[in-house]
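Only one structure is covered here, and it is reproduced in the block below.
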Amino acid sequence: MAAVVLVGAQWGDEGKGKITDFLAEKADCVVRYQGGSNAGHTVEVKNEKFMLHLIPSGILNPDTLCIIGNGVVVDMQEVIEEIKGLQKRGIDTANLRISLRAPLVIPYHKKIDAVEDRSSRIGTTQRGIGPAYADKINRTGFRICDLLADRNFFKEQFKRQVENKNWILEELYGETGFNPQELLAQLMNQVEVLRPYLADTSYLVYRAIQEGHKVLFEGAQGTLLDIDHGTYPYVTSSSATAGGACTGVGIGPTSINRVLGVVKAYTTRVGEGPFPTELHDNVGILLRERGAEFGTTTGRTRRCGWLDAVILRYAARINGLTDLAITKLDVLDSLPTVKICVAYRYKGTLIYEFPESGSILKQCEPEYLELAGWQQDLSKITAYEKLPAQARAYVEKIEELTGIKQALIAVGPQRKQTIITRTVFD
Ligand code: IMP
C-alpha cells in the first residue's frame, strides 16, 4: 500500500508536473487536492508539450484514475476545454473524476479577482481563485452538486448571489456586472457536459487506498504559497502544504505513507513579495533563460535566485517531508560556482528558521555557502554515480541541510531524463 503526497517545497513552479507525470506511470490513481486553474503544469512526452491547469498530470497515462478532489475550486469551462484539448491529441479522458463537492469558480470570481488585484497588487493569476475560496469560507459559494440537486432552490440562491456580485462590480468598482439568467444557463450546460465525470471522489480514493492501490496526491503551487504557512499575503488562497491533501480529498492523515517534496535546484517566484536570494545579475538572467522561467498560466517572467536551504528546512518541517525530488539540476550546468543560502542575517544576527512576517523577510540578507560548479552537461546522465562529483556534492549538501534524502533527480524536461535513487512507490 502506498499513498504519497507530492508538494512543492518553494514558491511553486518546482517542476511538480514532470515528477507527477513520471510517478503517474507507476501510480494507479493521481489526485489534485487544492488550488484551481491557477496551477500550470507542463509535461513533455515524445517531444510534445502538454499544458494542464486543472486535470492531474496523470491523465497522460491511460490506466491511471485521475481525480479532481473537493479541495480544488473548479472552473467548469476550463475543465471542458482541457478535456477537449487532450482528446484532440488522442488522449483518453475516460478515467477523469471530479468531486461533486468541489466549489465552483464562476465568471464573476475571475472579474472580481482581476479588479481587486489592481489595488492589492498580489499579482494573482486572475483565475478567480481567491474570490472563489472566499465564497467557500463565507458559505456563499456554490458547489458542483448544487447544480444537480433542487434546481428551483438553486436558481433563487444563484440569482441573489449574482445580484450581490453585480453590486460589488458596478457600485464599488464601476465595472459591468453579469446577467444571472445567462450565467445560470452557461453553468447548467457545462455541468451536463461534465456529468459523466462527476463522483463522490473521497469514496473512490478511500477505496483505492483500502484495496492497496498506489495513490499519488498532486499538490499545486508550493509551501510558501500556502494560505497558512506561506509568505502571507503574497500567497494563494488554498492549503498547498501536505496537510491540504487530507481535507482537500476527504481522507485521514493515517492514510498517507510518504511526502515527497519537489525542490528546484535554484529558487523562483512569480508575482510580488520578498525573496532573499533573488538575483538581479547575469546569473539570474541565465537561470531564467536556461530554465525557461516563464509562467505556464500567465506567461509572466519568473524571478530567479540561488537555492535557499532556510526555505527547504521550513518546507521539510511543515510538510513532514520523507523524500526530495530535485528538479532542473541541469540548468546550473554552465556555472563555475553555485551558492546555497544556509541562514539569513537579520539586524546583525544569523537566523535559521523561516520568519513569519514579510517585513522581517524583506530585511533578511542571505548567508551563502559556495560550492564548485560542474560545468558539464548533465542532460544525458541516467545514474546517480555517473553525475560529476561536484553535482553530487551539491545534491548531498541539500540532503545534509534539510535532513531529507533525495529519491529523484531531474536533469531535463523529458520523462527519461530522471535519475532514480530510491523507489517512491514500493
Ligand atoms: P492566485 O493563486 O491566482 O490567487 O495568486 C496568488 C499568488 O500565487 C500570486 O503571487 C501567483 O503568482 C501565485 N501563484 C498561484 N499559482 C501559482 C503557481 O502554480 N505557480 C507559481 N505561483 C503561483
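Read-outs: derived from the displayed coordinates by stated rules, not from any lab. All values derive from a computational prediction rather than experimental measurement. Heads up, the Cβs are rebuilt from the backbone with ideal geometry, glycines too, and the neighbour counts pull from every protein chain shown.
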Subset of the stretch 16-39 (residues that are surrounded by fewer than 24 Cβ atoms within 10 Å (Cβ to Cβ) and in a loop (DSSP other than H, G, I, E, B)): GLU25, LYS26, ASP28
Pairs only if they're at least six apart or on different chains, beta carbon under 9 angstrom, first in the stretch 113-132 and within 14 Å of GLU272 (Cα to Cα) and free of Cβ contacts under 8 Å to residues at least 12 places away in the same chain, second small (Gly, Ala, Ser) and within 8 Å of the ligand (Cβ to nearest atom); list them, first residue then second. ASP117/GLY123; ASP117/GLY130
Entirely in the stretch 190-272, the strands (runs of 3 or more DSSP E) that have 2 or more residues that are surrounded by fewer than 17 Cβ atoms within 10 Å (Cβ to Cβ): none
Can you find a residue in the stretch 140-155 that is within 24 Å of ASP200 (Cα to Cα) and within 16 Å of the ligand (Cβ to nearest atom)? yes
Within the stretch 78-119, can you find the residues that are in contact with a helix residue (DSSP H, G or I) (Cβ under 6 Å, 6 or more places away or on another chain), surrounded by fewer than 21 Cβ atoms within 10 Å (Cβ to Cβ) and under 18 Å from ALA185 (Cα atoms)? ILE80
All but one of (1) within 13 Å of the chain's Cα centre (by Cα); (2) assigned to a helix (DSSP H, G or I); (3) surrounded by fewer than 21 Cβ atoms within 10 Å (Cβ to Cβ) hold for THR42, so report the exception by its number. (2)
Based on what the data block shows, is ARG313 basic (Lys, Arg), within 11 Å of the ligand (Cβ to nearest atom) and touching a residue at least 24 places away in the same chain (Cβ under 8 Å)? no
Only one residue in THR298, THR327 is closer than 22 Å to LEU371 by Cα, under 16 Å from the mean Cα position of the chain (by Cα) and hydroxyl-bearing (Ser, Thr, Tyr), so which one is that? THR327
Suppose we filter the stretch 125-140 for residues that are in a loop (DSSP other than H, G, I, E, B) and surrounded by 24 or more Cβ atoms within 10 Å (Cβ to Cβ); how many remain? 3
